[in-house]
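Derivation of every value follows stated rules applied to the coordinates shown; laboratory data play no part. Every value quoted in this text rests on a predicted model; they were computed, and no experiment measured them. Here Cβ is always computed from backbone atoms with ideal geometry, including for glycine, and neighbour counts include all displayed protein chains.
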Amino acid sequence: MRAKVKEVKEKNRGESLAYLEKNKKKKGVKVLASGVQYEELKAGTGPSPKEEDVVTMVYVGKLVNGTPFTNAEGTPAEEKDVVMTLIPGFKEGLSQMKEGGKAVFVIPADKGYGENGAGPVPPESALIFEVTLKKVEKPGANKESNQAMPAGHPPMNGSRPKMAWPHS
C-alpha cells in the first residue's frame, strides 16, 4: 500500500512540476517569491485584501490535468471567506488582486494541500484557480447584519448570546 501511495505522489509531483515549468513561460504570468504563479486577467480597482479581511469571490479550482475539484461540474462557485483561513498559495494570490479583479493562480503543492492532499485533491498536486474577487470587507463590516451568520446561529443584537454552560 505504501508503495502505491509513494507512486501516486511521485506521479503527481512530476506532472505538477512539469505544468508549473511550462506555465511560468506563458506571457503575462508572474512568478511570486514562493513559487505561486499569478496571471491577471482583469485589473480590479478596489482595495487589496489583507489577512483579516472577509472576501466574496467566485472561483473554480482544477488540477493540472483539468479535473475540477471545487465541484464535480467545474462550474464557478461563489464563496465568502476570511482570507487567513485559506491555503497559503491562495492567500498569496489574493494579496496580488484588487476588488473587482480576475486572475488565475497556479499553486505549487507545498503552498496548497501538500504531500497528503485533501478531499478530492490528491497528494503532491499543484492547483489552478480562476478567481474573481467581488468584494473585500473589513472585519466587523457586517456586524449589523445576520445574513453572514451560519444557519442556526442565534441573532446578534449587539450583546453576547446566552450560553448553554457557565463561562468565567
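Mind giving me the nanometre distance, one decimal, between the label points for Thr45 and Thr75, set 7 Å out from Cα along Cα→Cβ?
With each label placed 7 Å out from Cα toward Cβ, I get 3.0 nm.
Roughly speaking, what is the stretch gain from Ser34 to Val8, that is 0.36 nm per residue apart minus the C-alpha to C-alpha distance, in nm to one decimal?
Details: separation 26, 0.36 × 26 = 9.36 nm, distance 2.42 nm.
Gain on extension, Ser34 to Val8, equals 6.9 nm.
Of the listed peptides 44-56, 104-116, 76-88, what is their order by residue-averaged count of other C-beta atoms within 10 Å, with the highest listed first? Let's see the in-between values first.
On the way: 44-56: 16.1, 104-116: 20.5, 76-88: 14.0.
Put in order of decreasing packing, that is 104-116, 44-56, 76-88.
If Lys and Arg each add +1 and Asp and Glu each add -1, what is the summed charge of the other residues whose beta carbon sits under 14 Å from the beta carbon of Glu115?
Details: positive: Arg2, Lys6, Lys9, Lys11, Arg13, Lys111; negative: Glu7, Glu10, Asp110, Glu124.
Spelling it out: positives minus negatives among the neighbours equals +2.
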